[in-house]
Amino acid sequence: PGPPAHSRPRAMPSPRPAPSALPPLPPRPRPVTPSSAKKRARPLGVTWRKPEGGFYHWCRLPDGVDQSRLLARAAAAGVSYLPGQPCFAEEGGAAFARLAFSYAPAAQLREGISRFLTALREVAAEPATAERDRNGTRPLV
């Protein structure tokens, strides 16, 4: 005769609304690369392209930038970024920085880019590592 009524599987109501009841998705946010920041970055030797997808801006830094000093200076300014080297399977990432743009609102991104460029300007103005070592100053990171 079949299993008792209390052990028969019952259809469970779906916790999700029917597809027609879902609200439309918000427009996809556009990556922020303010033209004013690009103009400020050009004299520093920083270049970047508008991302075609993903979550990051990849910036090429000028030759000779000490990423450990830049990372410490940017963190002190309240900006986090990822130096490029850990993101590359082979050599070549030392001249790059990965800046995330997918989470913060546009105004916060503009402020973050401004602070990052200020930190870069300050690090670029400091003496090179060899000169600092001769004077007895060691890198922080």
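Structural remarks
- Within region 94-121, considering residues that are open to solvent by less than 50 Å² (accessible area, probe 1.4 Å) and touching a Pro at 6+ places or on another chain (Cβ under 7 Å), the one farthest from Thr47 (Cα to Cα): Phe101
- Residue under evaluation Ala41, criteria (1) in contact with a Ser or Thr (Cβ under 8 Å, 6 or more places away or on another chain); (2) part of a strand (DSSP E or B), criterion not met: (2)
- For region 40-70, a residue qualifies if it is among the hydroxyl-bearing types (Ser, Thr, Tyr) and closer than 14 Å to Tyr81 by Cβ, and the qualifying residues are Tyr56, Ser68.
- Filter result (under 24 Å from Pro127 (Cα atoms), touching a strand residue (DSSP E or B) at 6+ places or on another chain (Cβ under 7 Å) and open to solvent by 70 Å² or more (accessible area, probe 1.4 Å)) within region 57-93: Arg60
The values are calculated or read from the model by the stated rules, or taken from the named source; none is laboratory data. Here the structure is a predicted model, which means the values were calculated and not measured. Note that each Cβ is placed from the backbone with ideal geometry, even for glycine, and that neighbours are counted across all protein chains shown. Heavy atoms of the whole protein, side chains included, go into the accessibility calculation; ligands, DNA and RNA do not. Shrake-Rupley method; radii C 1.70, N 1.55, O 1.52, S 1.80 Å.
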